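Trainee: Provided herewith is a single structure, encoded as structure tokens, for subsequent inquiry.
The values are calculated or read from the model by the stated rules, or taken from the named source; none is laboratory data. Remember, predicted model here, so these are calculated numbers, not experimental data. All Cβ positions, glycine included, derive from the backbone under ideal geometry; neighbour counts span all protein chains shown. The accessibility values were calculated without ligands, DNA or RNA, using every heavy atom of the protein model including side chains. Shrake-Rupley method; radii C 1.70, N 1.55, O 1.52, S 1.80 Å.
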Amino acid sequence: MQVFMDSANVKAIEDAVEHGLIDGVTTNPSLIAKEGANFREVVEQICRTVSGPVSVEVVGKTYEEMITEGREIAKIADNVVVKVPMLKEGLRAVRELSRDGIRVNVTLVFSAAQALLAAKAGATYVSPFVGRLDDYAHVGMDVIRDIVKIYKNYALPAQVLAASVRHPVHFVEAALAGAHVVTVPPSVLHQLVKHPLTDVGLERFLADWQKVPQGIFGPPR
Ligand code: E4P
């Protein structure tokens, strides 16, 4: 499973890349707005920081607007993936953009039916929002499982990108369900790395190590 960071914060992305934790990035208009910076500058910086795919969303709602914005966004860098919302007009735009060789991520997907249509339209990635479904008492992860099965049934090449991930259990369940990609906010990424027993175990090892007469380097203690 590939791991993307769901953020437009260049510092957080840089840190995750330096530690080899992520394979790509997803952004959305809210995440870009949170950074309070110029859209193009932020996107260019992110695309330079990570070599993997960087999803960047169109904001137009008509087919024409989505096509025009999508083509412009795709020019920003080779690793850009154009994010298009799951609308009827959006699917038309997905078909057109993918025919031009532009990779598209269909976003705001909340059902297996939507995901099937997005894959048929030519999406490279399809993003079901797990956490937002959970918020409405639907089990978001069930939708991921259904989509993975449907894509397998018909050998559809679209990749299931589990989005709106709120905690480490979502991450593990997405992997068990066979999602191709999971995108996680920086806070969840940090939670994934940590385990209290790792910290306690290390402290104990290092305390015991003090009893060894000669360490790895240097003279005897
Ligand atoms: C996906 O690409 C979206 O940016 C994201 O996962 C939305 O998550 P949220 O529901 O936490 O805003």
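Trainee: In the stretch 152-210, how many are part of a strand (DSSP E or B) and open to solvent by 70 Å² or more (accessible area, probe 1.4 Å)?
Mentor: Number of matching residues: 0.
Trainee: Separate question: Residues of the stretch 120-147 being more than 13 Å from the ligand (Cβ to nearest atom), in a helix (DSSP H, G or I) and open to solvent by 10 Å² or more (accessible area, probe 1.4 Å), which ones?
Mentor: Result: Lys120, Asp142, Val143, Arg145, Asp146.
Trainee: May I pose another question? Could we say that Gly60 is outside any helix (DSSP H, G or I), open to solvent by less than 10 Å² (accessible area, probe 1.4 Å), in contact with an Asp or Glu (Cβ under 8 Å, 6 or more places away or on another chain) and of a type outside the set (Ser, Thr, Tyr) here?
Mentor: When the stated conditions are applied, Gly60 passes them.
Trainee: Just to verify a result, which residue in the stretch 171-183, among those that are of a type outside the set (A, V, I, L, M, F, W, C) and closer than 20 Å to Asn105 by Cα, is farthest from the chain's Cα centre (by Cα)?
Mentor: So the residue we want is Gly178.
Trainee: A follow-up question, please. Looking at this structure, is Arg95 at pLDDT 95 or above, under 17 Å from the mean Cα position of the chain (by Cα) and surrounded by fewer than 19 Cβ atoms within 10 Å (Cβ to Cβ)?
Mentor: Judged against the criteria, Arg95 is not a match.
Trainee: Just for the stretch 79-119: of the residues that are in contact (Cβ under 8 Å) with a residue 12 or more places away in the chain and assigned to a loop (DSSP other than H, G, I, E, B), which one is nearest to Asp6 (Cα to Cα)?
Mentor: Asn79
Trainee: Would you point out which residue out of Glu41, Glu35, Glu72 is more than 21 Å from the chain's Cα centre (by Cα) and either at negative phi or away from the ligand (no atom under 16 Å from the Cβ) (or both)?
Mentor: The match here is Glu72.
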